[in-house]
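To start, the structure under review is shown below, and the notes come after it.
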Amino acid sequence: MGRPTTRRCLSRSTDSVLFKTVLLLIFWDQVDAQCKIMKCNTDYVAATKIPHNNAAFCNALRAYSQCTRNTARTCRGDLVYHTAVHIIEDRMIQHNCSKVGPTTPPRRQPPQPLPEGPVKQACDYDKVYREKHETDPKYVHCGVFGDPHVRTFSGDFQTCKVNGSWPLLDNEYLFVQATSTPLHPSSNATVTNKLTIIFKNMKQCIDQKVYQAEVGNVPAAFDDGSVNGGRRAGGSSLTIHEKEPGKYIEIHAAYIGTTIRVRQLGRQLSFSLRMAEEISQAFREEQDLQLCVGGCPSSQQISRTKDISRTHSLSIESARSLCRERLSIEDLYFESCVFDLMVSGNANLTGAAYHALEDAKDFHPEPGTLHIFSKAENGPVLSLLLVLFVVGNIVLFT
């Protein structure tokens, strides 16, 4: 009599491990741009977020199965897809679900009523920091836009190829991953076409929340359909706001002193963030690969000059003229604008650099260092100073 019980326990254990595995793969595997299994997975998680009876659970499984079938052709070689198919079959057997029947699509949830009290106040980072240190917290800014250009917390400005999925942030509170694809087959330049943002579970403040945006789909809600941090006392300390339908959203995470902006500009996404410095430094040694912290690895950096020399999409004179219409100062934002236009040939992409600069104006803690200029521009000046120094020494010692 003990064997059936053991078999059921093993089945549930295997089911749990597989389900956790597929959720992990959602966030870490580099899924093909055409494979939509990630959407199937997140829709299923949203549909089963609240406890259901067995009939409703079977409805969600059938919807999950139908979604995987619809994307089967483009997901044949994808590990996440094959794992999801196995989980569906296993769970339908476990719950005695018929393969034929109604399905339950996920629904957008209205904002949850949030309780008041002292715990809610503890989820206000600025207030807690001031009470503890008797001074205002320091902030840092990171921006990623265009092909893509990265402005790090320390003010480094790089152009990266970073094809595939790369972490922008990976600390104890927040994980942000950008997925990029080549702009043209012959170019090193890439554009960001997907962003995944995970707000990690934090004590009494928020439930774990996941936000995902893709080109053509910039939702104004988290993956579970909610627009705040959940039913915990500090749930209102995490909110999402639609600024331009389908194009521009802003996420406020007051509990960690962070504001995020996500935009779609043309066929690419941009990311901008203002974060409390203390939060930005809360990561372990093994979490050192973060583009916002250290920039892209040297092997992933590209030269704007060399890459432009391989394209004739737009002349440099035309590109500079178009960029000058929106960017009055010829800093690295301006140079990035010129690069984007020349590589893509798309005159509408002046908006990527313009909005990145506007976000920096709002987010950067030191207005005096807002503009960054190419170090190469200082080359002639430094050379002249070096010559004068050498000549001066020769005169002195003769």
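The values are calculated or read from the model by the stated rules, or taken from the named source; none is laboratory data. Values in this document were obtained by computation on a predicted structure and should not be read as measured data. Positions of Cβ are generated from backbone atoms using ideal geometry, with glycine treated the same way; all protein chains shown enter the neighbour counts. These accessible areas exclude ligands, DNA and RNA; they are computed on the full protein's heavy atoms, side chains included. Shrake-Rupley method; radii C 1.70, N 1.55, O 1.52, S 1.80 Å.
General observations
- Modelled label reach - residue 82, point 7 Å along Cα→Cβ, the stretch 156-176 residues with backbone N closer than 14 Å: none
- Using a probe of 1.4 Å on the protein chains alone, the accessible area found for residue 320 is around 70 Å².
- Extended-chain gain in nm, criterion 0.36 nm per residue less alpha-carbon gap, residue 278 and residue 299: 4.6 nm
- Residues in the stretch 149-261 average 33 Å² of solvent-accessible surface per residue, probe 1.4 Å, ligands and nucleic acids excluded.
- Reachable aspartates and glutamates, given that their alpha-carbon falls under 13 Å from the alpha-carbon of residue 39 and they are not under 8 places away in the same chain: 214, 223, 224
- For the stretch 273-297 versus the stretch 243-259, the inter-centroid distance based on Cα atoms is 19 Å.
- Sorted peptide list for 53-59, 95-101, 335-341, criterion being average Cβ within 10 angstrom, highest first: 335-341, 53-59, 95-101
- Computed 3J(HN,Hα) for the stretch 234-248, one whole-Hz value per residue from the Karplus formula 6.51 cos²θ - 1.76 cosθ + 1.60 where θ = phi - 60°, is x, x, 6, 7, 10, 9, 10, 10, 8, 9, 9, x, x, 10, 8, glycine and proline marked x.
- Summing charges over all other residues whose Cβ lies under 9 Å from the Cβ of residue 190, with Lys and Arg as +1 and Asp and Glu as -1, gives 0.
- Computed packing ranks the peptides 286-299, 133-146, 347-360 as 347-360, 133-146, 286-299, most packed first, by mean other Cβ atoms within 10 Å.
- Difference of contour (0.36 nm per residue) and Cα-Cα distance, residue 247 to residue 201: 13.8 nm
- Site pair residue 72 and residue 321 shows an inter-label distance of 5.5 nm when each label is modelled 7 Å from Cα along Cα→Cβ.
- Within the stretch 243-257: backbone nitrogen closer than 20 Å to the residue 358 label point (7 Å, Cα to C-beta): 243-252
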